[in-house]
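The values are calculated or read from the model by the stated rules, or taken from the named source; none is laboratory data. Quantities reported herein were computed from a predicted structural model and do not represent experimental measurements. Because the Cβ atoms are built from the backbone with ideal geometry, glycine has one as well, and the counts that use them run over all protein chains shown.
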Amino acid sequence: MTDTLSSRSAKTGALSPRLITEIPGPESQKLHARRQATVSGGVSATFPVYAAHAHDAIIVDVDGNQFLDLTGGIGVMTIGHTNDAVVDAIAEQAAKVTHTLFAVAGYEPYIEVCELLARHTPGDFAKKSVLVNSGAEAVENAVKIARKHTGRTEIAVLHHGYHGRTNLTSAMNYNMHPYGTGFGPLAGSVHHAPNSSPFHDGLSGEEAAERTITHLEKRVGASQIACLVVEPIQGEGGFIVPAKGYLPALLKWCHDNGIVYVSDEVQSGMARTGSYFASDHFGIVPDMVTSAKGIGGGMPIAAVTGRAEIMDSSHPGGLGGTFGGNPVSCAAVVAVFSEVERLGLLAEAKRIEKTLMSGLDGLKNRFPHVADVRGIGAMIAIEFHDPATGKPSADIAKALQAYALQQGVLILTAGSFGNVLRFLPSLVITDSQLEEAVAVMAAGLESL
Ligand code: PLZ
């Protein structure tokens, strides 16, 4: 099977960006025109290029242009595009059974995924999982389970957080625009508290935790709160790494007050930061972890994993959905876990951190517009400001992103003020590809 699939697969052998038309090329422009006619304008288009195929860290568009992909489809392609073992697992499972609905007739891959999540999420107590379709759905389910478990209604989240686009998760996001504007009424009982952002607030972890906790105690009351939902490293918010001691202090406060601590690892999880889940870097063991993106190697799947007694709070039938834990997606997850081991990708994430940090620190020393370089593993961000005023500069991030596109490098912005560029590459990206990307950033900053 590997042979036939490999011959059909997207391997180009390409390692570098290579543009052969103007960007967007004529075929991408044709697709864009068709899109305008039938795809909702509510779906944004970050890049005007359309993918034909992809392998590892390279995407080839419909005009034959090769792009170096630093986005991984927003942190999904941790394993790399069209990894052979993942492609084979998908094809093999597709030929066996694609759907029964797990609650109607079960199948082994669902159970295997729950076993893998129990093994690799933080904490060595009994754990159980429920599988769903998207990160937002995982967060929704974590909240449902925490409410059922505690008998409480209120939910706490942090400034600069992001949790999804459903009605409840839109209410949990820090940025009202574009996620909530005009879509209300959004779900209630969601309370936003200050986060820890050392570069901006200068607070120690203990000070920042005291600020968060005081806010929640005064504005909500600890005894009202079912769960605190926290990204260990805030993703959309601009790869904000909290100060040391912040997350452990929040976790302790939760446990002292009967609040379920939910670590939203949709973006930071699955080997991205050099450990399976980023909570590990902060020495915390959450009660529940949400995962999605990287676990499926490009297939839609997400999970809530937590302490068995919390996960069993719901009555039968309270959790689920038609497609949750689809067998083909589950087969992909099993293959992703085994490839992460086989390829030693936890170590690769650390290599990527080293290469990117040294390259980007070099830019920080050269260009006063670079305010901060931060992150862990293959989750590294560069933040821009106006050196005269210290104010966030979204213009520079946007201009650099546009410049990089014209050099064949795809990179995403982030941050509540849009002034951050984030590197979310596949863990199979090479050092020379990363160095090439940093060189493009340097040339871009020079030309600005
Ligand atoms: N929690 C921490 O990062 C998704 C959003 C992309 P879904 N982040 C990318 C976009 O513009 O929609 C995310 C996340 C964290 C939850 C989610 C939501 O995951 O799979 O997009 O629903």
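A few remarks follow.
- Restricting the search to helices (runs of 4 or more DSSP H) fully inside the range 132-213 and requiring at least 1 residues that are closer than 22 Å to Ser268 by Cβ and within 13 Å of the ligand (Cβ to nearest atom) gives 135-150, 167-172.
- Evaluation of Ser279 against (1) closer than 26 Å to Thr82 by Cα; (2) within 15 Å of the chain's Cα centre (by Cα); (3) surrounded by 23 or more Cβ atoms within 10 Å (Cβ to Cβ); (4) not β-branched (Val, Ile, Thr) (one fails), failing number: (1)
- Extreme residue, farthest from Gly135 (Cα to Cα), among residues of the range 292-307 that are within 14 Å of the ligand (Cβ to nearest atom) and assigned to a strand (DSSP E or B): Val304
- Single residue of Ala442, Ala437 found to be surrounded by fewer than 20 Cβ atoms within 10 Å (Cβ to Cβ) and at pLDDT 95 or above: Ala442
- Evaluation of Lys218 against (1) within 14 Å of the ligand (Cβ to nearest atom); (2) over 24 Å from Thr121 (Cα atoms) (one fails), failing number: (1)
- Among the strands (runs of 3 or more DSSP E) confined to the range 1-117, the ones with at least 3 residues that are surrounded by fewer than 20 Cβ atoms within 10 Å (Cβ to Cβ) and at pLDDT 95 or above are located at 51-55.
- Among residues of the range 58-80 being away from the ligand (no atom under 16 Å from the Cβ) and at positive phi, the one that is farthest from the chain's Cα centre (by Cα) is Gly64.
- Among the residues making up the range 411-448, those that are closer than 22 Å to Arg272 by Cβ, hydroxyl-bearing (Ser, Thr, Tyr) and not in a strand (DSSP E or B) are Ser416, Ser426, Thr430, Ser432.
- Selection status of Leu363, in contact (Cβ under 8 Å) with a residue 12 or more places away in the chain and over 25 Å from Glu339 (Cβ atoms): yes
- The residue of the range 233-291 that is nearest to Met357 (Cα to Cα), among those that are more than 14 Å from the ligand (Cβ to nearest atom) and acidic (Asp, Glu), is Asp280.
- Pair list, Cβ < 6 Å and 6+ apart or interchain, from the range 73-85 residues that are closer than 17 Å to Ile352 by Cβ to residues that are near the ligand (Cβ under 9 Å from one of its atoms): Gly75/Gln267; Gly75/Lys293; Val76/Lys293
Residues checked against (1) touching a Gly at 6+ places or on another chain (Cβ under 7 Å); (2) farther than 26 Å from Arg211 by Cα; (3) modelled with pLDDT under 95:
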| site | (1), (2), (3) |
| --- | --- |
| Gly123 | no, yes, no |
| Ala126 | no, yes, no |
| Val132 | yes, yes, no |
| Val143 | no, no, no |
| Ala146 | no, no, no |
| His149 | no, yes, no |
| Ile155 | no, no, no |
| His160 | yes, no, no |
| Gly164 | yes, no, no |
